[in-house]
Amino acid sequence: MNTKNNLPLYFSIAIVIGIYIGSIFNFSDESSFFRAENSHGNKLKKLLQFIENDYVDAINTEEIIDEVIYELIGKLDPHSAYIPKEQFLGTTENLRGDFEGIGVQFKMHKDSLVVTHVLKEGPSEKAGLLAGDRILRAGKDTLFDRSLGSREIVKILKGPKESEVLLDVYRRDSTDILTFSIKRNKVKIQSAEVAYMLSDSLGYIKLDRFAMTSARDFERQIKVLKNQGASNLVVDLRQNGGGYIHIANQIIDQFLPAGKLIVFTESKNGKKEEFYATESGAFEEGTIYVLIDEGSASASEIFAGALQDNDKGVIVGRRSFGKGLVQQERQLGDGSAVRLTIARYFTPTGRSIQKPYTMNGSAAYAESFENRFLNGELLSKDSIKVTDSLKYTTPGGKVVYGGGGIIPDVFVPIDTTRYLENKYVFNITSFSFDYADQNRTRLIKSGVAAFVNELDTTSELIESYIAAYGKPSWNLTEKRREILRHYLKVLIIRQVFGETDFYIENNKKDIVIQKVLGLDAAVEN
């Protein structure tokens, strides 16, 4: 079960998956920490037994253990993490590529639970549930007129495969309460859902994460685009926080000839592992444009670094996050787990792109990220600080730098003209949702092209929004009105028509995409 943020914040800096999950290798050797004969482990075990048996007051031992582990892991690097058992399943679902449930995305709107999207080929789609439906009850649980958080709703709607749940549903076009009997099943989470042609020869794929199913999804989309005439390709990794390195390697392999080094890792004991491209590449010809920004982390940086260091493709955008650490996961026997940094990874030229961190926790690490906004780096490539001692040269003679993210070949500053203050953003989201909810049937019947034309040629919707929320202090210039119009349009499209149509329309105003179109036209000519 996934909830979705319906606001396409162009100025987003979220990198949840990259920071919390990182890149994971499956190593066969067990860490000595987990062996019973480890003296440190025995010391901790004896202390806990002593406290549990003889401490004067009654205590919650499990809470103490959790606090100790949090404190211990917090003394390490910013990417090592302890995951309590109640959070473990949720953090792994996105990277696993599926979950067991009814297959909807939802939003609590006013006093009811609204289905915002019905996932393709999931149980709810097969049962006939539609976007816009209000789920009033799930089994014996009432879901309206209650103050429920997303986690509580997920617990009610999710369940093991083959289990059944009865849903009572209100549908705007029906006078009766509808009842659906839905048998829960595995539901796929698409990581490469959006793919379309930007021009007659240039394909576009948005890759959200490097999950277990991403290589298969990506290869399928490449085949579709090639059949539509794509000879060049855009891979959009903006705000992609990473995932599994071996999946990233499989996708990178689509673009590099056999024998080319993709990435290598090195542990503190000097153990080195190298990963090379095979002969299975499906898109080794043509130009690849890789889009990155400050939210592109971990496996996304391996992807960009591998192509950049092999003089393949063009990296476009802003400097990436700067995560060059590898995590290994160990479950702790009670449903919780630790993801521990066990190695560093390096790009083919030998670069470590890990930005500096201290042993004082994550505060300074996060602060260095925020400093990008203050030092002007998002507006000018000249503001990016590089170190001469970390300078490397690719086989083709290109100069690249390590020490803190991938610096793009073509820098594109953040589009400040499209940034809106929170007061506009919140209101736009709420207004767009209500409009989509009330007009969904009409919009679907007329189609996305008719809706785009309607909004581009009339001012009725934007004027309705301004009448509902506008204030004199807004100072609505014509440019700001156009920005508001654009956000209203794409948010409604996302609600009614889905992700692909959202990106098709939103990318028309995306200055990074427009830059790539210009670069590609120059190459074609």
Specify which residue in the list 438, 270, 239 is farthest towards the positive end of the charge dipole of the chain, using unit charges on the beta carbon of Lys, Arg (+1) and Asp, Glu (-1), about the Cα centre.
438
Using the basic label-point model (7 angstrom from Cα toward the beta carbon), what is the residue 96 to residue 57 distance in nanometres?
3.9
Unsatisfied cross-links (Cα-Cα over 19 Å) in the set 126/226; 260/398; 126/183; 381/509; 161/188; 223/398:
126/226; 381/509; 223/398
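Stretch residue 111-residue 246 to full length: gain in nm at 0.36 nm per residue minus the Cα-Cα span?
On the way: separation 135, 0.36 × 135 = 48.60 nm, distance 4.41 nm.
Full extension from residue 111 to residue 246 adds 44.2 nm.
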Hey, quick one: spin label on residue 418, modelled 7 Å out along Cα-Cβ, who in the stretch 506-525 has an amide N within reach, i.e. under 14 Å?
506-517
Place a +1 charge on the Cβ of each Lys and Arg in the chain and a -1 charge on the Cβ of each Asp and Glu, then give the dipole magnitude about the Cα centre in debye, rounded to the nearest 20.
340
Which of the listed residues, 310, 80, 350, is farthest toward the dipole's positive end in the chain, when Lys, Arg count +1 and Asp, Glu count -1 at the beta-carbon?
310
In the chain, with Lys and Arg counted as +1 and Asp and Glu as -1 at Cβ, which of these residues, 56, 468, 512, has the Cα nearest the positive end of the dipole, that is, farthest along it?
468
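Sorting check: for 145-154, 492-501, which peptide has the highest mean count of neighbouring beta carbons within 10 Å, and how do the rest follow? Kindly include the intermediate steps, with their values, before the conclusion.
Details: 145-154: 13.0, 492-501: 21.3.
Final packing ranking: 492-501, 145-154.
At 0.36 nm per residue, minus the direct Cα-Cα distance, what do residue 50 and residue 66 gain on full extension? Give it in nm, one decimal, please.
Working: separation 16, 0.36 × 16 = 5.76 nm, distance 1.72 nm.
Extending this stretch completely gives an extra 4.0 nm.
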Under the Karplus relation 6.51 cos²θ - 1.76 cosθ + 1.60, θ = phi - 60°, what is the ordered set of whole-Hz ³J(HN,Hα) values for the stretch 278-283, x standing for Gly and Pro?
10, 8, 9, x, 9, 9
With θ set to phi - 60°, apply the Karplus curve 6.51 cos²θ - 1.76 cosθ + 1.60 along the stretch 445-459 and write out the HN-Hα couplings as whole Hz, x wherever there is a Gly or Pro.
5, 7, x, 5, 4, 5, 5, 4, 5, 4, 6, 7, 10, 10, 10
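List the GluC sites (Glu not before Pro) within the stretch 154-245 that DSSP assigns to loop and that have no more than 13 neighbouring Cβ atoms inside 10 Å. It would help to have the intermediate numbers written out before the result.
On the way: sites: 162, 164, 193, 219; in loops: 162, 193.
Within the stretch 154-245, the qualifying GluC sites (Glu not before Pro) (loop, at most 13 other Cβ atoms within 10 Å) are 162.
Please give the net charge around residue 483, taking every other residue with its beta carbon less than 12 angstrom from that of residue 483, where Lys and Arg add +1 and Asp and Glu add -1.
Values: positive: 418, 479, 480, 481, 485, 489, 509; negative: 415, 421, 478, 482.
Local net charge: +3.
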Of all the C-alpha pairs in the chain, what % are more than 43 Å from each other?
23
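For the stretch 435-525, just say rounded, prolate or oblate: build the C-alpha gyration tensor, square-root its eigenvalues into a ≥ b ≥ c, call rounded for a/c under 1.5, and beyond that prolate if a/b exceeds b/c, oblate if not.
On the way: a/c = 2.66, a/b = 1.34, b/c = 1.98.
Oblate.
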Residue by residue through the stretch 402-410, the couplings from Karplus 6.51 cos²θ - 1.76 cosθ + 1.60 with θ = phi - 60°, in Hz, x for Gly and Pro, are x, x, x, x, 9, 8, x, 5, 10
Straight-line reach from residue 186: which aspartates and glutamates fall under 19 Å, measuring Cα to Cα and dropping same-chain residues less than 8 apart?
93, 98, 100, 121, 125, 162, 164, 217
Over the chain, what is the percentage of antiparallel beta bridges among all DSSP beta bridges, to the nearest 5?
70
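Can you give the FRET efficiency for residue 444 and residue 226, using 1/(1 + (r/R0)^6), R0 = 30 Å, r = Cβ-Cβ distance, to the nearest 0.05?
0.50
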If each of residue 473 and residue 387 carries a label point 7 Å out from its Cα toward its Cβ, how far apart are those two points in nm?
4.5
If you add up the charges near residue 511, with Lys and Arg at +1 and Asp and Glu at -1, over every other residue whose beta carbon is less than 13 angstrom from its beta carbon, what do you get?
+3
Subtracting the Cα-Cα distance from 0.36 nm times the residue separation, let me have the gained length for residue 459 to residue 76 in nm, one decimal.
132.4 nm
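None of the figures in this text is laboratory data; all of them are computed from the coordinates on show. Remember, predicted model here, so these are calculated numbers, not experimental data. When we count neighbours, we look across all protein chains shown, and the Cβ atoms used for this are built from the backbone with ideal geometry, even at glycine.
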